[in-house]
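The values are calculated or read from the model by the stated rules, or taken from the named source; none is laboratory data. None of these values were measured; they are calculated from a predicted model. Cβ coordinates were reconstructed from backbone atoms using ideal geometry, including for glycine residues, and neighbour counts include every protein chain displayed. Heads up: the accessible areas ignore ligands, DNA and RNA and are worked out on the full protein's heavy atoms, side chains in. Shrake-Rupley method; radii C 1.70, N 1.55, O 1.52, S 1.80 Å.
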Amino acid sequence: MKLLVINGPNLNMLGIREPEIYGKDTYEDLIKLVSDAADKMNVHVDFFQSNHEGALVDRIQQAYGVYQGIVINPAAYTHTSVALLDAVKTVGIPTVEVHISDVRQREDFRQVSYIREACAGTVMGKGFAGYVEAMEILRQIVDGK
């Protein structure tokens, strides 16, 4: 199974950005944790991070016919981007939305997720471990369970 892990704006600044919310671990720590979990699951995983909405849309489109699942943390674009929603709908690849923090406990504007409508599931508030849970959800979907 091949999965694509997509991270949106400011996630490259993990460890620096609001450590009281996102923790002190870095983006590199996240990649290592997910890579190690993928190895144990016998899953091939590729990573993509961008601060630019169009680049994220392009990467989702490029995933068509290549990946069996997408794990996406759209970050701030969760609450603003119909383009990401449309891209996920267009490719039809099972996708799980992930958020490091529990957005239900945050600002009012973070209560809306445009992309959620196109996702098979959402994992939030579990830190980096949420990415591993998302991969497990996708494995079950791909395996037909």
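Odds and ends about this structure:
- Qualifying GluC sites (Glu not before Pro) in the range 1-109, where qualification requires a DSSP coil assignment and no more than 13 other C-beta atoms within 10 Å, comprise E107.
- Environment charge of D58, counting only residues whose C-beta is closer than 15 Å and scoring Lys/Arg +1, Asp/Glu -1: -2
- Cα gyration tensor shape for the range 25-101, rounded if a/c is under 1.5, else prolate or oblate: oblate
- What the chain shows is 49 Å² of accessible area per residue, with the surface traced by a 1.4 Å probe over protein heavy atoms.
- Stretch gain in nm, segment V112-F47, where the contour uses 0.36 nm per residue and the Cα spacing is subtracted: 20.9 nm
- Hits among lysines - C-alpha to C-alpha of K89 under 24 Å, sequence gap 8 or more where chains match: K2, K145
- As a fraction of the 1.4 Å probe accessible area of the chain, surface on carbon and sulfur atoms comes out at 49 percent.
- Sites V82 and R17 - FRET efficiency at Förster radius 30 Å, r taken between beta-carbons, to 0.05: 0.75
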